[in-house]
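Taken together, the values in this text are just the output of simple stated rules run on the coordinates, not laboratory data. Source: prediction; values computed, not measured. With ideal geometry, Cβ positions are generated from the backbone for all residues, glycine too; neighbour counts draw on all protein chains shown.
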Amino acid sequence: MNEPRQRTSTRCGRYARKYAEKSGTSLHPDRAVTETVVTGLARHIEQVGKPLCPCNFYPDPAAEAKQRRWICACDEMQKYKYCHCLLFVTPEGVPITEYLPEDHEGRQAYGHRTRPVPDKGRAMAKVLGRHQAEGSTGG
């Protein structure tokens with residue numbers, strides 16, 4: 001598989017750093033993990049035009065990119081603050097599982113891991129919560 005252009009990798013690395021700050025997470029402390037994930041995101045940008053999560057298998061990456069659920073930051077990250085790829089984690093390098101459903105594979109694998117910065121991240125969860133509150137009050 002071809003390596004992505006340096007410019008694309010640099011852009012993905014910059015995005016990852018900014019998103020970690022915005023979400024109140026840290027990039028994985030093992031630089032090899034971070035670099036591998038960032039390279040995968042860059043490779044997908046060049047292949048399908050979107051930073052598709054590199055830690056999943058997609059029979060049709062272009063079709064998956066159109067669905068948008070695994071575009072970084074993926075739905076799980078935005079809703080639960082859980083990064084399947086281990087790119088956005090606690091400073092110790094473990095994923096945040098605090099908001100995951102009890103039966104989620106991440107909760108089963110890592111246990112209950114709380115967030116280091118409680119007031120950042122989970123943009124999609126906030127929007128969903130607002131919509132639910134508006135629906136319960138009649139709009």
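Here are some notes:
- For trypsin sites (Lys or Arg not before Pro), the sites in the stretch 44-89 that DSSP calls loop and that have at most 15 other Cβ atoms within 10 Å are Arg68, Arg69.
- Placing unit charges on the Cβ atoms only, positive for Lys and Arg and negative for Asp and Glu, gives the chain a dipole magnitude near 620 debye about its Cα centre.
- Estimated purely from DSSP H runs of n ≥ 4, each contributing -39500 (n - 2.57), the mean residue ellipticity at 222 nm for the chain is -15000 deg cm²/dmol once divided by its residues.
- Entries in Lys50/Lys120; Lys50/Lys81; Lys66/Lys120 that, when Cα-Cα distance is taken, lie over 22 Å: Lys50/Lys120; Lys66/Lys120
- Taking the chain and dividing mean pair separation by its residue count, relative contact order in percent (alpha carbons under 8 Å, at least six apart): 24 percent
- Compared with the alpha-carbon gap, the fully stretched path from Asp60 to Glu92 is longer by 8.1 nm at 0.36 nm per residue.
- Applied to the stretch 38-55, the Karplus parametrisation 6.51 cos²θ - 1.76 cosθ + 1.60 on θ = phi - 60° returns per-residue 3J(HN,Hα) values of 4, 4, x, 4, 5, 4, 5, 4, 6, 7, 10, x, 9, x, 5, 3, x, 9 Hz, with x for Gly and Pro.
- C-alpha long axis of helix 6-23 to longest principal axis of the chain, angle in °: 20 degrees
- Reducing the stretch 27-67 and the stretch 88-119 to their Cα centroids gives an inter-centroid distance of 21 Å.
- Over all directions, the projected convex hull of the C-alpha atoms in the chain averages 9.6 nm² in area.
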